[in-house]
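Undergrad: Let me begin by handing over the structure; questions about it come next.
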Amino acid sequence: MTQRVRVQNFGVSRDGIAAGADQTLDQPFGSAVDPMRLFSWAVATASWPNRTEPGGSRGFEDHVIRDFTHGIGAEIMGRNKFGHQRGPWPDDGWHGWWGEDPPFHTPVIVLTHHERPPLPVGDTTFHFVNATPAEALARAFDLANGLDVRIGGGVTTVLEFLDADLIDELHVAIAPVEFGDGLKLWDRPEDLEDRFHLEKITAPSGVEHCFLWRRDGTPVQT
């Protein structure tokens, strides 16, 4: 079975910004970027994992949320998606932003210059590796048990894998908001049309969902 490398439900603003500078414990997405303005469409769906009350929207966006874990066997993320710490890891008991039940339910590779032993949290195990995108992807394919690998972010990590031509498919949700300053995925989705087909769907929420897949039809790994 062919394994694919995917980006899913990645949120950006109309000006392409996915995160701000100066990440802290209180501002996981950095200054000037409100994650609720990027992801309110997802939180509003019936299938949002953290929903505590009945209700929520159905339809296309709900399907996108339900599909998040389908066929995924491992994730790769940058260190800043895992935590706010910098430098050598402190002995502070931190095990990610997600509490005792991370939403991944797969092995997760965390890219870092400071390796450490694997960390199991619930049914997710975080592996901390110092590796190039190609090396990390080879490790993730081994851990994924024949399923696909998701590049989870943040934006710097997604750009590194795009620059290395190691992504098969992307789903990027453009929220109807502008932040003006921050870490950018692109100026516009058409920037990737030299390598990817592009299809856009605008949902009733006002979010423009961009689906991109490789023009050459050749998976990163077969």
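Undergrad: Name the residue farthest towards the positive end of the dipole of the chain from the options 33, 82, 218, assuming +1 on Cβ of Lys and Arg, -1 on Cβ of Asp and Glu, about the Cα centre.
TA: Looking along the dipole axis, the top candidate is 218.
Undergrad: Can you compute the equivalent ellipsoid semi-axes for the stretch 82-205, i.e. the square root of 5 times each eigenvalue of the Cα gyration tensor, sorted largest first and rounded to whole Å?
TA: In descending order, the three semi-axes are 28, 18, 16 Å.
Undergrad: Measuring from centroid to centroid over Cα atoms, what is the spacing of the stretch 36-79 and the stretch 176-222 in Å?
TA: So the separation of the two Cα centres works out to 18 Å.
Undergrad: Right, next: For the stretch 14-142, divide the Cα radius of gyration by the Kirkwood radius and give the resulting Rg/Rh value with two decimals.
TA: With Rg and the Kirkwood Rh in hand, the quotient comes to 0.98.
Undergrad: In square nanometres, what is one fourth of the surface area of the convex hull spanned by the alpha carbons of the chain?
TA: In nm², the orientation-averaged hull projection of the chain is 12.1.
Undergrad: Using only alpha carbon pairs under 8 Å that are at least six residues apart, calculate the relative contact order of the chain and give it in whole percent.
TA: 32 percent
Undergrad: Next question. Quickly rank 76-85, 107-116 as a protection proxy: mean count of other C-beta atoms within 10 Å, highest first.
TA: Packing proxy ranking, top to bottom: 76-85, 107-116.
Undergrad: Now for a separate question. Using a Gaussian network model on the chain with a 10 Å cutoff between Cα atoms, which of 101, 91, 181 fluctuates the most?
TA: 91
Undergrad: Relative contact order of the stretch 1-103, please, whole-number percent, based on alpha carbon pairs below 8 angstrom and at least 6 residues apart.
TA: 19 percent
Undergrad: Treating only the Cβ atoms of Lys and Arg (+1) and Asp and Glu (-1) as charged, compute the dipole magnitude of the stretch 1-132 about its Cα centre; round to the nearest 20 debye.
TA: 420 debye
Undergrad: Can I ask one more? Grab the eigenvalues of the alpha-carbon gyration tensor for the stretch 8-49, scale each by 5, take roots, and send me the semi-axes largest first in whole angstrom.
TA: 20, 13, 8
Here, each number is a calculation from the coordinates, and none is a lab measurement. The model shown is predicted, which means the values in this text are computed figures rather than measured ones. Here the Cβ is made from the backbone with ideal geometry for all residues, glycine too, and neighbour counts use every protein chain on show.
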